[in-house]
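Below is one structure; the comments refer to it alone.
The values are calculated or read from the model by the stated rules, or taken from the named source; none is laboratory data. Bear in mind the structure is a predicted one, so any value in this text is a computation, not a measurement. A quick note on method: Cβ atoms are made from the backbone with ideal geometry, for glycine too, and the neighbour counts reach across all protein chains shown. Each accessible area value is taken on the protein alone, full model and side chains, heavy atoms only, with ligands, DNA and RNA left out. Shrake-Rupley method; radii C 1.70, N 1.55, O 1.52, S 1.80 Å.
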Amino acid sequence: MDFSLRVNRKAIATDSSPDRDQQFRYISSLRTRFERHGLPIISVDTKKRELVGNFKNNGVKWDRTPVRVNDHDFRSDAIGIAIPYGIYDLLANRGSVFVGVSHDTAAFAAHSIAGWWKRDGADRYRRGRQLLILADTGGSNSCRTGAWKTELQTQLCNSFGLTVTVAHYPTGASKWNPIEHRLFSEISKHWAAEPLVSYEKMLGFIRHTHTKTGLVVTAYLDRKEYPTGLKPDRRLISSLDLKPGKVLPRWNYTIAPNL
């Protein structure tokens, strides 16, 4: 009678923007243009915060006996917290994850992208002075916060002479951000049911994540403190060299270096 055990399926969109289709089409055109010229395209996002210690990690793995972990996930029992900020390079099929230990802020997000460019992107795209960033609408890379834009201006555009174009996925459409199904899902499968008992073990799982299509991942630990609640100085906001996009400017804009 076609009965079986089933789980709930998230399939009903309750927060769909009327501009959703237009934004997806615009992102597609941006990706095509940058790819045609061999210019870098990265997808960015923050993975779920993890407690570092002997705590249960979701998933299953082959083993003779279950791994014994703490019966409660108390922050006081943890070595610390881990905030993985990911950068996925679409053209090269390469991922970089910067694991923060304090807070998920705009400064942390921009510092992670700058770290990727310094360690990887600049060498791979030596002729590229333009960068396309695909990001969600909220979080540390929110399109609504001035800090995200000023941090990109100072840490990425001014520091490396890059012109950065940012395109945000509409609210409720984050699962279409390439990093979710090309990088984060693979990391989650790789460390499934493995307690993240130390930062070293966590970084090891990330670095050894790979796929049959050739995905390679690097990982770095960022012990810098990123305080919350800081607002950008008015002079920084006024000095932004930001050009709104012609299509849906609240989601699309370009920031140029103001050297």
Practice problem: Could you work out which residue, out of 38, 121, 139, moves most in a Gaussian network model of the chain, that is, has the largest mean-square fluctuation with Cα springs under 10 Å? | Solution: 38
Quiz item: In a GNM of the chain with a 10 Å cut-off on Cα contacts, which of 219, 192, 114 has the highest mean-square fluctuation?
Solution: 192
Practice problem: Take the solvent-accessible surface of the protein heavy atoms, probe 1.4 Å, and return the percent of it on segment 112-259 that carbon and sulfur atoms account for. | Solution: 53 percent
Practice problem: Could you please state how large a percent of the accessible area of segment 39-102 is carbon and sulfur, counting protein chains only and using a 1.4 Å probe? | Solution: 49 percent
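Which pairs break 19 Å Cα to Cα here: 56/224; 61/189; 61/201; 10/175; 48/189?
56/224
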Quiz item: Spin-label point model (7 Å from Cα, Cβ direction): what's the residue 215 to residue 28 distance in nm?
Solution: 2.4 nm
Exercise. Determine the sum of side-chain charges near residue 162: Lys and Arg each +1, Asp and Glu each -1, restricted to other residues whose C-beta is under 13 angstrom from that of residue 162.
Key: +3
Quiz item: Calculated FRET efficiency, residue 235 and residue 181, Cβ-Cβ r, R0 41 Å, to nearest 0.05?
Solution: 0.50
Quiz item: Quick one: Karplus J couplings for segment 170-183, per residue in order, coefficients 6.51, -1.76, 1.60, θ = phi - 60°, nearest Hz, x for Gly and Pro?
Solution: x, 4, x, 10, 5, 5, 8, 5, x, 4, 5, 9, 9, 10
Quiz item: For residue 37, what charge total do you get from the other residues with a beta carbon under 12 Å from its beta carbon, if Lys and Arg give +1 and Asp and Glu give -1?
Solution: +4
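Around residue 22, with a cut-off of 14 angstrom between Cβ atoms, what is the net charge of the other residues, counting Lys and Arg +1 and Asp and Glu -1?
On the way: positive: 20, 25, 246, 250; negative: 19, 21.
Net of charged neighbours comes to +2.
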Quiz prompt | the chain - mean residue ellipticity at 222 nm from DSSP helices (-39,500 (n - 2.57) per run, n ≥ 4, rounded to 500) | solution = -6000 deg cm²/dmol
Self-check item: Principal-axis tilt of helix 106-116 within the chain, Cα atoms, nearest 10 degrees
Solution: 90 degrees
Quiz item: Between the helical axis of 20-36 and the dominant principal axis of the chain, each derived from Cα atoms, what acute angle in degrees is found, rounded to the nearest 10?
Solution: 80 degrees
Self-check item: Estimated vicinal HN-Hα couplings, Hz - segment 244-251 in sequence order (Karplus 6.51, -1.76, 1.60; Gly, Pro = x)
Solution: x, x, 6, 10, 6, x, 5, 10
Quiz item: Residue by residue through segment 84-94, which ³J(HN,Hα) values in whole Hz follow from phi under the Karplus form 6.51 cos²θ - 1.76 cosθ + 1.60 (θ = phi - 60°), with glycine and proline marked x?
Solution: x, 9, x, 10, 10, 8, 5, 6, 9, 6, 10
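Could you size up the charge dipole of the chain around its Cα centre, putting +1 on the beta carbon of Lys and Arg and -1 on that of Asp and Glu, and report it in debye to the nearest 20? Working shown, then result.
Working: 39 positive and 25 negative charges, 127 e Å.
The dipole of the chain has a size of about 600 debye.
Where only protein heavy atoms count, and the probe is 1.4 Å, what is the accessible area per residue for segment 141-250 in Å²? Kindly include the intermediate steps, with their values, before the conclusion.
Values: 5840 Å² over 110 residues.
Value returned for segment 141-250: 53 Å² of accessible area per residue.
Give the dimensionless ratio obtained when the Cα radius of gyration of segment 112-210 is divided by 2.2 N^0.38 Å. List each step's numbers first, then the result.
Values: Rg = 15.7 Å, N = 99, 2.2 N^0.38 = 12.6 Å.
Here the Cα radius of gyration is 1.25 times the empirical estimate.
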Quiz item: If the chain between residue 103 and residue 250 were fully stretched, how many nm would it gain, using 0.36 nm times the residue separation less the Cα-Cα distance?
Solution: 50.4 nm
Self-check item: FRET efficiency estimate (nearest 0.05) - Cβ-Cβ, residue 7 to residue 129, R0 35 angstrom
Solution: 0.15
